[in-house]
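**Student:** Once you've had a glance at the structure underneath, I'll fire off some questions.
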Amino acid sequence: MLMKVLSQGLVSLTLLLAPAVRAALPASGGMTPGAVQFVLEQQLAAPLAPTEPNRLHYGAPWLRVGVRTQTAVLFDEWGRETRRYVVSTARNGVGEKVNSYQTPRGWHQICEKIGDGVEPDTIIYRRRITEWKYTPELHAQYPDKDWILTRILWLCGQEPGRNQGGDVDSYDRAIYLHGAGSHVPFGTPTSRGCVRMRNDDIIELYELAQLGLDVYIDEQQ
């Protein structure tokens, strides 16, 4: 009796599952114990919630930077959201040209990581770790300084002619995700092209993000 009830419930549930799971059902509409086990395993293995899989490399984790929402969202290999951060993209909006001080759009990947084990608020100058620390008082002395702090995730473009090569090359433009000071009003565009993040957030993302991670900068999100 228990197996019959379980089977009826799982039959209904499989209507919400992928076609590959529904294919496990016999044509009679009943479920064998093996089919029940298969569906249970699929429930545990595959997500039922809405997902956003990587459109460039299906089945790979990825990061989406939303310009409208001023967020960075990390997705796993299923396309499930695992982390969400508030960021700050370029004050000048989006664009790929060198010296535009704009945030480039499209597909990138993390090509270099700088700052292993560095303490929060450590100033990174020309990609070199310094002995100096950012403070609000230091920023007050140099209010126009573009402070790069704590960690760098250096991006390179994956779209030739758009964000890779020539005068639109994101890597040559030194486009980073990086830590920024407490003076930054995160959630609004303030940077000179990079994606600014809170120090705790960039530390966490730095640990989670592997070299080669796909990053999509989306002006519509």
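The values are calculated or read from the model by the stated rules, or taken from the named source; none is laboratory data. Note that the structure is predicted; figures quoted are calculated from it, not measured. Note: ideal-geometry Cβ built from the backbone for every residue, glycine included; neighbour counts use all protein chains shown. In case anyone asks, the SASA skips ligands and DNA or RNA and just uses the protein heavy atoms, side chains included. Shrake-Rupley method; radii C 1.70, N 1.55, O 1.52, S 1.80 Å.
**Student:** Just subtract the alpha-carbon distance of residue 140 and residue 51 from 0.36 nm times their residue separation and send over the number in nm, one decimal.
**Tutor:** The span from residue 140 to residue 51 would gain 27.7 nm if fully extended.
**Student:** How large is the charge dipole for the range 129-184, taken about the Cα centre, if only the Cβ atoms of Lys, Arg (+1) and Asp, Glu (-1) carry charge, to the nearest 20 debye?
**Tutor:** Numbers: 5 positive and 8 negative charges, 37 e Å.
Value, rounded to 20: 180 debye.
**Student:** Additional query: Based on the mean of other beta carbon atoms within 10 Å per residue, what is the order of 169-177, 153-161, most packed first?
**Tutor:** Top to bottom by mean Cβ count within 10 Å: 169-177, 153-161.
**Student:** Considering only DSSP states other than H, G, I, E and B, which trypsin sites (Lys or Arg not before Pro) in the range 78-157 qualify as loop sites with at most 11 other Cβ atoms within 10 Å?
**Tutor:** Counting only loop positions with at most 11 other Cβ atoms within 10 Å, the trypsin sites (Lys or Arg not before Pro) in the range 78-157 are 126.
**Student:** Here is a further query. For the range 57-182, build the charge dipole from Cβ charges (+1 Lys, Arg; -1 Asp, Glu) around the Cα centre, then report which of 122, 166, 134 sits farthest towards its positive end.
**Tutor:** 166
**Student:** So, for the range 42-115, what is the accessible surface per residue at a probe of 1.4 Å, expressed in square angstrom? Please list the in-between numbers first.
**Tutor:** Values: 3750 Å² over 74 residues.
With all protein chains present, the range 42-115 gives 51 Å² per residue.
**Student:** Using the crude model of +1 on Lys and Arg Cβ and -1 on Asp and Glu Cβ, and no other charge, please compute the dipole size for the range 85-221 relative to its Cα centre, in debye to 20. Could you put the intermediate results ahead of the total?
**Tutor:** Numbers: 15 positive and 20 negative charges, 70 e Å.
For the range 85-221, the charge dipole is close to 340 debye.
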